[in-house]
Amino acid sequence: MTTTPESVDIDLPIALDRLRAMVRVRRFEERCVELYSASAIRGFLHLAIGEEAVAAGVLAALEPDDAVVATYREHGHALLRGLSMRSIMSEMLGMQEGCCGGRGGSMHLFSAEHRFYGGNAIVGGGLPVATGLALADQMQARDRVTACFFGEGAMAEGEFHESMNLAALWELPVLFCCENNLYAMGTALDRSESQVDLALKASSYAMAAWVVDGMDVIAVEHAARAAAAQIRAGGGPVFLELRTYRFRAHSMYDPDRYRDKEEIERWRERDPIALLAAAIVAAGGPADPVGDLEAEVAAEIDDAVAFAEAGTPAPVDSLTRFVTSEVAR
Amino acid sequence: MSAPGTTTYREALREGLRAALAADDRTFLMGEDVGRYGGSFAVSLGLLEEFGPARVRDAPLSESAFVGAGIGAAIGGMRPIVEVMTVNFSLLALDQIMNNAATLLHMTNGQLNVPLVIRMTTGAGRQLAAQHSHSLEGWYAHIPGLRVVTPATTRDARWMLKAALEDPDPVLVFEHGALLTEPGPDPSDAGEVDLDRAAVRRAGRDVSIITYGGSLPKALAAAELLAAEGIDAEVVDLRTLRPLDTDAIVATVARTHHVVVVDEGWRSGGINAEIIARINDHAFFELDGPVQRVCTLEVPIPYAQHLEEAALPQVHDVVRASRIAVGAAGGSDG
């Protein structure tokens, strides 16, 4: 039923690379907060600060041909899938140069080129689509995995159950990645689920389901690699419950009244960036591995912001383009 | 089997499916009971044996998942035909149809088109009561990004699917349940159809009866009765509810100057209202009188036969509305 893959010793070059990935995401989102406060970014903005190990670990385990379906809390997933920071920041600023031409914004980052399929803002709505992407791969005998991210809140939705059943029934190559940050917006897990053991719940679909420490990027990657290998070998879908926590509120509108400050502080002690940095130091790596990254990451963000700010506001006369395809019938 | 040279709407639909599956390996049919059962209305009967379980794919009762899977498979390079047993159950897949199928192309700035066909049975008239009798094609026609087609003849039943599969964007095909046994000419050699154009099914000079889908036979029957009274009705089959063929609507109004819209949907906010608004926008000065409309009474569809008949547009309602439209005697109490 539910098992947890063994933790593994860290490999320094890999660990430093994963640390860099998480720091890029963290600093990018911190800059987004500043831009939101300055009204340059509007609409909803959902931050994954504290949850970076999930995207960094899972995406490191995927191949370029694999597909990714994510949620509205997906800046990090998009960035680590290979979308340029410039195209993401331009999207947040509503510019034509954005990955969706300014039509999607923070919640709808897409890149067909990277097989990055959102950016889905209906909780649970990405799961059926991921199931279908995997069905297309199965029917065309392609050796691909579709990684589908969703929060634990989605596990109360019908679309979760329908998709899990379909994927397991048809043995589709889907890697279901539940980002369990314990709160569906403001509703705690035990106030929303009759069964709070999410891997147990998933395993009822006759699917392999593993619990993973979502604050440990190395553990996440290890589990995701094992799962992807099992899926590629024809073993059908795998479910990962990635236990994590968001350090900030649900969105910029959220006053965060439903959590104890002490709880947030307890989780901050398991900050995935700090945990990995400490492991790197302990393994004989550089003394300040995060500090070593700051200048490079800040330069990338500065460049992305400057690029986006100098961008072209998406032209209004293009608004009715792409309601339907622009091809000759 | 039908007589030589004739077929039924159901058989024509099946031939359309068979031809589509034979023509393209990327095409598959997915839905509830499409395989072993043969389709809940026997439309896909025999296709499992011919094309196998991977391409005539029975899905569990999970409309949202298998419609969404159709969207994902379409993005992934397939050309799926998803059958939602009836429009009533499509409500369980509304999130996928509206938030994904209709939206992805625009929201991604043209990156992801969704070449998906969703077929469903629509309409009332078979005493199936309030939860199995909806006519929501007009509702779906409200949504930018979708094409909504309503085959009403054996030719459209046979050939609209091919055109729908050639469309790079999602197409919803509404097959009226009351038409399934309707006979018609065998359309095997009739050839391809254009999804952009309405069709004049009966030419006339005095009044335009504009309709679609399951109401077409009623409109044609009404036209025959009106002819006996000396009223020469033109019957226009819209065929596609989104995008509406405004030119065809304007052209028929310009010919007859009197209009009756027949819509099995409810009156308020229905596609009938949009048709009248188009006339208002584009053909107002062609009208010699107010447009009449015959719609379903604004009640949930009842079971008992006499109640259901009273709720739905009937031939005599179309006749009466046409008399009113042309200002003939007997319109108010025909």
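Brief remarks on what is shown
- Test: residue in segment A:20-29 that is at negative phi and either of a type in the set (Ser, Thr, Tyr) or within 14 Å of another protein chain (Cβ to nearest Cβ) (or both): no
- Scanning segment A:137-170 for residues that are touching a helix residue (DSSP H, G or I) at 6+ places or on another chain (Cβ under 7 Å) and more than 12 Å from chain B (Cβ to nearest Cβ) yields A:Asp143, A:Val145, A:Ala147, A:Phe149, A:Phe150, A:Glu152, A:Gly153, A:Ala154, A:Met155, A:Ala156.
- Number of residues in segment A:55-77 that are within 9 Å of the chain's Cα centre (by Cα) and acidic (Asp, Glu): the value is 1.
- Selected residue [small (Gly, Ala, Ser), within 25 Å of A:Met89 (Cβ to Cβ) and surrounded by fewer than 11 Cβ atoms within 10 Å (Cβ to Cβ)] from A:Ala299, A:Ala304, A:Ala282, A:Ala287: A:Ala299
- Residue that is surrounded by the fewest Cβ atoms within 10 Å (Cβ to Cβ) [pool: residues in segment B:262-304 that are part of a loop (DSSP other than H, G, I, E, B) and in contact with a Cys (Cβ under 8 Å, 6 or more places away or on another chain)]: B:Arg267
- Cross-chain or 6+ apart pairs with Cβ under 7 Å, segment A:118-132 first and at the interface with another protein chain (Cβ under 7 Å from one of its Cβ atoms), then in a loop (DSSP other than H, G, I, E, B): A:Thr131/A:Leu172; A:Gly132/B:Gly76
- Some residue of segment A:240-249 being more than 30 Å from A:Asp137 (Cα to Cα), surrounded by fewer than 12 Cβ atoms within 10 Å (Cβ to Cβ) and in contact with a helix residue (DSSP H, G or I) (Cβ under 8 Å, 6 or more places away or on another chain): no
- Here is the figure for segment B:197-216: residues that are surrounded by 15 or more Cβ atoms within 10 Å (Cβ to Cβ), part of a loop (DSSP other than H, G, I, E, B) and not small (Gly, Ala, Ser) total 2.
- Checked against (1) at negative phi; (2) outside any helix (DSSP H, G or I); (3) modelled with pLDDT of 95 or more, A:Ala304 passes all but a single condition, namely (2).
- Odd one out for B:Ala277 among (1) touching a strand residue (DSSP E or B) at 6+ places or on another chain (Cβ under 8 Å); (2) without any contact (Cβ under 8 Å) to a residue 24 or more places away in the chain; (3) among the small types (Gly, Ala, Ser): (1)
- Pairing each residue of segment B:293-321 that is over 27 Å from B:Ser208 (Cα atoms) and touching a residue at least 60 places away in the same chain (Cβ under 8 Å) with any residue that is hydrophobic (A, V, I, L, M, F, W, C) and not in a helix (DSSP H, G or I), provided the two are 6+ apart or on different chains, yields C-beta distances under 6 Å for B:Pro300/B:Ala130; B:Ile301/B:Ala124; B:Ile301/B:Ala130; B:Tyr303/B:Ala129.
- Applying the set (1) on the phi > 0 side of the Ramachandran plot; (2) in contact (Cβ under 8 Å) with a residue 40 or more places away in the chain; (3) over 21 Å from the mean Cα position of the chain (by Cα) to B:Phe28 leaves exactly one unmet item: (1).
- Number of residues in segment B:188-220 that are more than 14 Å from every other protein chain (Cβ to nearest Cβ) and either at pLDDT 95 or above or in contact with a His (Cβ under 6 Å, 6 or more places away or on another chain) (or both): the value is 23.
- Total residues in segment A:111-121 satisfying the condition of being over 15 Å from the mean Cα position of the chain (by Cα) and either buried (at least 22 other Cβ atoms within 10 Å of the Cβ) or of a type in the set (A, V, I, L, M, F, W, C) (or both): the figure is 1.
- Restricting segment B:139-153 to residues that are out of contact with any Asp or Glu (no Cβ under 7 Å at 6 or more places or on another chain) and away from every other protein chain (no Cβ under 14 Å), the residue that is surrounded by the fewest Cβ atoms within 10 Å (Cβ to Cβ): B:Trp139
- Top-ranked residue in segment A:91-110 [being facing chain B (nearest Cβ under 7 Å) and without any contact (Cβ under 8 Å) to a residue 60 or more places away in the chain; ranked as surrounded by the fewest Cβ atoms within 10 Å (Cβ to Cβ)]: A:His108
- Any hit, segment A:199-214, residues being under 19 Å from A:Gly50 (Cα atoms), more than 14 Å from chain B (Cβ to nearest Cβ) and of a type in the set (Phe, Trp, Tyr): no
- Selection from segment B:193-243 of residues that are over 21 Å from the mean Cα position of the chain (by Cα) and touching a residue at least 60 places away in the same chain (Cβ under 8 Å): B:Asp206, B:Val207, B:Leu225, B:Leu226, B:Glu229, B:Ile231, B:Ala233
- Among (1) away from every other protein chain (no Cβ under 14 Å); (2) buried (at least 21 other Cβ atoms within 10 Å of the Cβ), the one test that B:Asp169 misses: (1)
- Test: residue in segment B:267-277 that is modelled with pLDDT of 95 or more, of a type in the set (Ser, Thr, Tyr), closer than 28 Å to B:Glu309 by Cβ and touching a Phe, Trp or Tyr at 6+ places or on another chain (Cβ under 6 Å): no
- The criterion of at least 3 residues that are more than 10 Å from chain A (Cβ to nearest Cβ) is met, among strands (runs of 3 or more DSSP E) falling completely within segment B:21-137, by B:27-31, B:79-86, B:117-122.
The values are calculated or read from the model by the stated rules, or taken from the named source; none is laboratory data. This structure is a prediction, so every number in the text was calculated from the model and none was measured. Glycine gets a Cβ as well: all are built from the backbone with ideal geometry, and neighbour counts include every protein chain shown.
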